1. Can you tell me which residues in the stretch 267-282 are open to solvent by 50 Å² or more (accessible area, probe 1.4 Å) and closer than 30 Å to LYS337 by Cα?
2. Could you tell me whether the stretch 194-207 includes any residue that is open to solvent by less than 10 Å² (accessible area, probe 1.4 Å), modelled with pLDDT of 95 or more and either of a type in the set (Asp, Glu) or within 21 Å of ARG73 (Cβ to Cβ) (or both)?
3. Of the conditions (1) open to solvent by 60 Å² or more (accessible area, probe 1.4 Å); (2) free of Cβ contacts under 8 Å to residues at least 60 places away in the same chain; (3) out of contact with any Lys or Arg (no Cβ under 7 Å at 6 or more places or on another chain); (4) farther than 29 Å from PHE200 by Cβ, LYS104 satisfies every one except a single condition; which number is it?
4. How many residues does the stretch 171-201 contain that are touching a Pro at 6+ places or on another chain (Cβ under 8 Å) and hydrophobic (A, V, I, L, M, F, W, C)?
5. Return yes or no: is LYS256 over 30 Å from VAL150 (Cα atoms), open to solvent by 20 Å² or more (accessible area, probe 1.4 Å) and in contact with a strand residue (DSSP E or B) (Cβ under 6 Å, 6 or more places away or on another chain)?
6. Does the stretch 157-170 hold any residues that are out of contact with any Pro (no Cβ under 8 Å at 6 or more places or on another chain) and either of a type in the set (Gly, Ala, Ser) or open to solvent by less than 60 Å² (accessible area, probe 1.4 Å) (or both), and which are they?
7. When you check ASP334 against the structure, is it in contact with a His (Cβ under 9 Å, 6 or more places away or on another chain) and farther than 20 Å from PRO238 by Cα, yes or no?
8. Looking only at strands (runs of 3 or more DSSP E) that fall completely inside the stretch 101-186, which ones have 3 or more residues that are modelled with pLDDT of 95 or more?
Amino acid sequence: MIKQIVCIALIVTALSSCVTSSVLVNVHRPADITISKDIQNVVVVNRYRPSKDNLAGNIVEGLISGEGIGVDRKGAEYCVEGLLGMLNNSERFSLKNEGGIELKGTGTSSFPTPIDWNEVKSICGSYDGDALLVLETFDSDYQVIAAAPVVRIRKVKGIKVKELRYRSTLVMEVESGWRIYDVNREKIIDENKYIEIKEFNAWGSSNKQAEYNLPSKRKAIEQIGIQAGKKYGFRISPMWIKVNRTYYIGRHEELKNARQYVKIGDWDTAIEIWLPLTEDEDLKIANRAAFNMALASEIKGSLKTAIDWAQKAKKTGNKKAYNYISVLTSRMIDEKKIKQQLN
């Protein structure tokens, strides 16, 4: 009975995937916080390196934790690199430096005393900056986890052979802390910490081999460090991101034909195919065409028209339209927020 249920579920999933396809859509994502329009030119500073007072403790921590001396320093550099990359593509801010500015901090996860405002003014004055974006803290931790072996069957010269495969997982965690110094108001307008966790998996013929196949700690911290910097970029600046959208390709030959135009980005021709189908006598074809018209409207930048088409699809029985209306409504709210953030 259970096998029959599983088979039915797989068949339904397969049929569903044949009816729909997906396409990547560019979506404007608002920043998590709104920063005063007076702040346009920004300077990024790396303040991770420990001062003389904190250097000895930083070395001892690295030896005790097994992180390795210098791993966090490189991680902090990658974190700054991640933010710089985001700001280079930002519509909101003008980046006035390409890195290279370093100040002394704690070298740990603890926030240091804020930078003296005379020094903030000096740095901003040198770069014509309105604010400093400062990586104040950076700390990493990791652990390697060995999983129980798994039996796998493979064919060797036509003969099925059982073998044990071992999986090893490197769990890397970084904590980064940022501050924004508004030089004109002499005020810290944001202070925030992020924790980023990433897993890396590898397989081998033994636990030792699996662990050996894992990326090095420095390689792992490069990936997660850059990701941590990007995360702060999303906090302070609106960004364009890519998201998946579903549309219908099955049940009607014309729906299938429109797919080739979607693939090459010819939305006008796809619309010419879908629009007459929205009045089809078959309600299922009509609501699927209406759903596709909603997607085309979103692509074209008309969210209100997209909602109208999605509501039409919903009224004629399209269940996917319920969630899509919610997504589009959220996008309209986000668009208003983005206009405020971009002044």
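1. Within the stretch 267-282, just ASP268 meets the criteria.
2. Within the stretch 194-207 (the criterion being open to solvent by less than 10 Å² (accessible area, probe 1.4 Å), modelled with pLDDT of 95 or more and either of a type in the set (Asp, Glu) or within 21 Å of ARG73 (Cβ to Cβ) (or both)), the answer is no, since none of the residues qualifies.
3. That leaves (3) as the condition not met.
4. Here the count works out to 2.
5. Details: over 30 Å from VAL150 (Cα atoms): yes; open to solvent by 20 Å² or more (accessible area, probe 1.4 Å): yes; in contact with a strand residue (DSSP E or B) (Cβ under 6 Å, 6 or more places away or on another chain): no.
So LYS256 does not fit the description; no.
6. Residues satisfying the conditions are GLY158, VAL161, GLU163, SER168, THR169.
7. no
8. Where strands (runs of 3 or more DSSP E) fall fully within the stretch 101-186 and carry at least 3 residues being modelled with pLDDT of 95 or more, they are 131-146, 159-182.
The values are calculated or read from the model by the stated rules, or taken from the named source; none is laboratory data. Predicted model only: the values in this text are computed from it and were never measured. Please note: Cβ atoms are built from the backbone with ideal geometry, for glycine as well, and neighbour counts cover all protein chains shown. Calculation scope for accessible area: heavy atoms of the full protein, side chains included, ligands and nucleic acids excluded. Shrake-Rupley method; radii C 1.70, N 1.55, O 1.52, S 1.80 Å.
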